[in-house]
Amino acid sequence: MSGQSQTTLTFTVGPEDTARAVGSGSLEVLGTPRLLAWLEAATCAALEPDLEPGSTSVGTRVELDHQAPSPVGAVLEVTASTTYVDGRLHRLTVAARHTADTRPDGPARSWRPAR
């Protein structure tokens with residue numbers, strides 16, 4: 001197991017992804033819960049190559065700064081990169097950027113695979 005990986009996923013903000021739709025606010029912009037779910041998807045994809053068959057991972061800590069609004073139709077690239085590995089503990093850094101202007105939406109996350 002290498003323990004060092006990076007994954008980038010691309011998402012388009014739809015009406016179902018807005019703060020209003022997910023219940024985290026009243027605006028028609030990307031809701032923080034949906035952003036977090038996309039960041040988690042990237043971390044899962046980044047960790048997948050290092051997991052043993054039949055095993056999974058669980059998050060143990062999340063730190064997220066949602067720094068800019070993303071309107072419906074915005075395309076975001078979400079990247080997760082492993083920064084630290086100690087046995088079963090994996091720490092990752094995540095970032096979400098608008099593909100049009102590379103403005104960051106969310107920085108950091110920790111993740112720990114379970115066996």
Sole residue being touching a residue at least 40 places away in the same chain (Cβ under 8 Å), out of contact with any helix residue (DSSP H, G or I) (no Cβ under 9 Å at 6 or more places or on another chain), hydroxyl-bearing (Ser, Thr, Tyr) and in a strand (DSSP E or B), chosen from 10, 43:
10
Matching entry among 112, 91 (being farther than 27 Å from residue 21 by Cα, part of a strand (DSSP E or B) and at pLDDT 90 or above):
91
Take region 59-93 and flag every residue that is charged (D, E, K, R), surrounded by 12 or more Cβ atoms within 10 Å (Cβ to Cβ) and free of Cβ contacts under 8 Å to residues at least 60 places away in the same chain.
91
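The values are calculated or read from the model by the stated rules, or taken from the named source; none is laboratory data. Please read all numbers here as calculations on a predicted model, not as lab measurements. Using ideal geometry, Cβ is built from the backbone for each residue, glycine included, and neighbour counts are taken over all protein chains shown.
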